[in-house]
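Participant: What follows is a single structure, and I will ask about it in a moment.
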Amino acid sequence: MIRSANRPILDQRVNLWWYALALVPIVLLGWLSLINLIPTLLMTLFLLAAVFWLASLTMAVIAKLRTPHPESRS
C-alpha cells in the first residue's frame, strides 16, 4: 500500500466573515440571558463562548497577517 504525503492539519485560508456570523448567536444568547427570556445561568455559557470567540478571532487575525501575499505586478 502506498502512503500519500501528510496533508497539513490547518487550513491556510482564513475567512474573517465567519467570525461576524458566529458572533450573532453568541450576542443573542447573552442578550436573551440578560433580559431573562432564558435562564440567567446561561450567561456563563455566553461568557465562555465570548472568550473562545475572542481568542479564535485573535489567532485568525494573526494568521491572516502572517501569510505572505503575492506581489502585485504593475
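The values are calculated or read from the model by the stated rules, or taken from the named source; none is laboratory data. What you are looking at is a predicted structure, and each value in this text was computed from that prediction instead of being measured. A quick note on method: Cβ atoms are made from the backbone with ideal geometry, for glycine too, and the neighbour counts reach across all protein chains shown. Quick note on the areas: whole protein, heavy atoms, side chains included, nothing else; ligands and nucleic acids left out. Shrake-Rupley method; radii C 1.70, N 1.55, O 1.52, S 1.80 Å.
Participant: How many of the residues making up the stretch 1-45 are among the aliphatic types (A, V, I, L, M) and either more than 20 Å from the chain's Cα centre (by Cα) or at pLDDT below 90 (or both)?
Facilitator: The qualifying residues number 14.
Participant: List every residue pair whose Cβ atoms sit under 6 Å apart, with the two residues 6 or more apart in sequence or on different chains, where the first one lies in the stretch 13-25 and is closer than 14 Å to Val61 by Cβ and aromatic (Phe, Trp, Tyr) and the second, anywhere, is part of a helix (DSSP H, G or I) and modelled with pLDDT of 90 or more.
Facilitator: The qualifying pairs are Tyr19/Leu57.
Residues checked against (1) open to solvent by less than 90 Å² (accessible area, probe 1.4 Å); (2) out of contact with any Phe, Trp or Tyr (no Cβ under 7 Å at 6 or more places or on another chain):
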position: Leu37; (1), (2): no, yes
position: Leu47; (1), (2): no, yes
position: Ser56; (1), (2): yes, yes
position: Ala60; (1), (2): yes, no
position: Arg66; (1), (2): no, yes
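Participant: Continuing with the same structure: Within the set of pairs 6+ apart or on separate chains, which have a first residue in the stretch 55-74 that is closer than 15 Å to Trp17 by Cα, a second that is open to solvent by less than 100 Å² (accessible area, probe 1.4 Å) and modelled with pLDDT of 80 or more, and C-beta atoms under 7 Å apart?
Facilitator: Leu57/Tyr19; Ala60/Leu16; Ala60/Tyr19; Lys64/Leu16
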